[in-house]
Amino acid sequence: MPMVPAAPTPPPRLADVLASCLASALGAPNRLDLPAVRHAVVVLVDGLGAANLRQAAGHARYLSTRFTKRAVITGVFPATTAVGLGSLCTGVDPGQHGLVGYRVLDAANDRVVNQLSGWDDGMVPTVWQPLPTVFERAVAAGVPAYAVGPHRFADSGLSQALLRGAQYVPARSIADRFARASELIASTERALVYVYVPELDMAGHARGWESDRWIGELETLDAEIAAFARTLPSSTGALVTADHGILDVAAEKQVLFDTAPELIANVRHVGGDPRCLYLYIEPDAPHGAVDSLARSWRDLEGHRARVFTRDEAVADGLFGETTDAARSRIGDVVVSARAQIAYYDSRDPNVSARQMIGQHGAFTDDEMRVPCIRLGAFER
């Protein structure tokens, strides 16, 4: 009887990181092949892509010495924070947890909502993201879970959607957060600890990832991680990863897409990110309006963007297996930048958004490939 070749093992991805750490703390097999530990720590550095770390290696000497070929994993699409944290904290694809973009359609209320910071009474976290989090699974299995981050995120809608089950431990600075993590390790017999570092992403958006400010934040992070790693007990492992990478887009590379009438024909709402637009069609648009809009975008912008209809994006597996709820939030037409550009709607009264330099969201390696660096017991 002929041997049937085994199916290839899919490469590791962001959704595997926290789930593998929980399995490690339980002494169970896991996707990242992490050894059994008493304490597992995940450090999520917002906006530190693999390409960013590689190009700025001289400013992150501790991390760069551990940044091997196997220390790169695949993030999510769209490459944006709400989506990446969604997959990290639930262990599933965006199409399952439902956080499928930065700004998405809330069809029940005919509006576009900000899934990062725009939560209100119309977005109930346990309804919008109903799946159990990795933290809830940890507590159910007898492993205490903690999330260490800035105070302002303690009770946010996104935290309620994704950090459920974890005890939130507020800490002001990067150094304070690692100090709190060390205290949690010392004061518990077993735990899953998550540390969130938003400073690089904030600096990147404001000044660009090649700016002195971003480089300074990277140097601070590298020094704090080095100090933290030196204190880890032999039974503690840590992973340093990110939700997405970032690239700089000059003001002259901004594209005001609404100035071409065919690119907004029958469009009721615009969502997504400047590098990954979601275009939502009028409900009473004529038959074929979606295909017509996608065709217009391909004709005018296909040389510098990938254009999908929602059906094409879902069929191509860009969001993984996709629920009906998640599907309703994806644009009828999805425009993912390939060139180093950003798409803006000049009709939007929020002109401050166009001051942003660092950008992310699209289906490029610079935005979707992130580090996953092993420290402590996970290095061995």
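What does the extension gain come out to for A36 and D311, with contour length at 0.36 nm per residue minus their alpha carbon separation?
Numbers: separation 275, 0.36 × 275 = 99.00 nm, distance 4.17 nm.
Taking 0.36 nm per residue and subtracting the Cα distance, the gain is 94.8 nm.
Modelled spin labels at T65 and A28, positioned 7 Å past Cα toward Cβ, are 3.6 nm from each other.
Could you tell me the calculated FRET efficiency between R304 and E379, based on Cβ-Cβ distance and R0 = 35 angstrom, to the nearest 0.05? Once rounded, the FRET efficiency stands at 0.30. Annotation: per residue accessible area for segment 81-204 equals 38 Å², rounded to a whole number [probe 1.4 Å, protein chains only].
Put a dot 7 Å past the Cα of S234, heading toward its Cβ, do the same for R190, and the two dots end up 2.0 nm apart. For segment 194-238, state which trypsin sites (Lys or Arg not before Pro) are in a DSSP loop and have at most 15 other beta carbons lying within 10 Å of their beta carbon. Nothing satisfies the criteria.
Think of the chain as a dipole: +1 on every Lys or Arg Cβ, -1 on every Asp or Glu Cβ, centred on the Cα centre; then among T241, N350, G302, T241 lies furthest on the positive end. Count the DSSP beta bridges whose two residues both fall in the chain, then state the antiparallel fraction as a percent rounded to the nearest 5. If I count the DSSP bridges inside the chain, around 55 percent turn out antiparallel.
Would you work out what percent of the accessible area of the chain, with all protein chains in place, is carbon or sulfur (probe 1.4 Å)? Spell out each step's value before the answer.
Working: 8290 of 16070 Å².
The C+S portion of the solvent-accessible surface of the chain is 52 percent.
Select from G320, G95, G204 the residue whose mean-square fluctuation is largest in a Gaussian network model of the chain (Cα-Cα springs shorter than 10 Å). Per the Cα network of the chain with a 10 Å cutoff, G320 tops the list. For segment 263-319, state which trypsin sites (Lys or Arg not before Pro) are in a DSSP loop and have at most 15 other beta carbons lying within 10 Å of their beta carbon. Counting only loop positions with at most 15 other Cβ atoms within 10 Å, the trypsin sites (Lys or Arg not before Pro) in segment 263-319 are R304. Set Lys and Arg Cβ to +1 and Asp and Glu Cβ to -1, take the dipole of the chain about its Cα centre, and tell me which of G58, S211, L116 lies farthest positive. Of the candidates, G58 comes out farthest on the positive side.
Measuring r between the beta carbons of D212 and N350 and using R0 = 30 Å, the FRET efficiency lands at 0.65. Heavy-atom accessible surface of V127, to the nearest 10 Å², is about 100 Å², with a 1.4 Å probe and all protein chains retained. Computed extension length for R152-Q340: 64.5 nm, one decimal, from 0.36 nm per residue of separation with the Cα-Cα distance subtracted. Using the 1.4 Å probe convention, the accessible area of segment 213-365 works out to 43 Å² per residue with neighbouring protein chains retained. Charges were assigned to the Cβ only: +1 to each Lys and Arg, -1 to each Asp and Glu. The resulting dipole of segment 129-225 about its Cα centre is roughly 420 debye.
When the chain is described by a simple charge dipole with +1 on each Lys and Arg Cβ and -1 on each Asp and Glu Cβ, the residue from V148, V100, G47 located farthest towards its positive end is V148.
Which value, in debye to the nearest 20, gives the size of the charge dipole of the chain about its Cα centre, when Lys and Arg are +1 and Asp and Glu are -1 at the Cβ? Before the final figure, lay out the partial values.
Values: 36 positive and 44 negative charges, 249 e Å.
That gives the chain a dipole magnitude of about 1200 debye.
Extension gain for the segment T126 to R327, taken as residue separation times 0.36 nm less the Cα-Cα distance, is 70.6 nm to one decimal.
In segment 159-191, what trypsin sites (Lys or Arg not before Pro) fall in a loop by DSSP, with at most 11 other Cβ atoms inside 10 Å? Working shown, then result.
Working: sites: R164, R172, R177, R180, R190; in loops: R164, R172, R190.
Here the sparse-neighbourhood loop sites are R172.
Within the set of other residues whose C-beta is less than 15 Å from the C-beta of A154, count the net charge using Lys and Arg as +1 and Asp and Glu as -1.
Details: positive: R152, R164, R172, R177, R180; negative: D155, D176.
Value of the local net charge: +3.
The values are calculated or read from the model by the stated rules, or taken from the named source; none is laboratory data. Bear in mind the structure is a predicted one, so any value in this text is a computation, not a measurement. Because the Cβ atoms are built from the backbone with ideal geometry, glycine has one as well, and the counts that use them run over all protein chains shown. These accessible areas exclude ligands, DNA and RNA; they are computed on the full protein's heavy atoms, side chains included. Shrake-Rupley method; radii C 1.70, N 1.55, O 1.52, S 1.80 Å.
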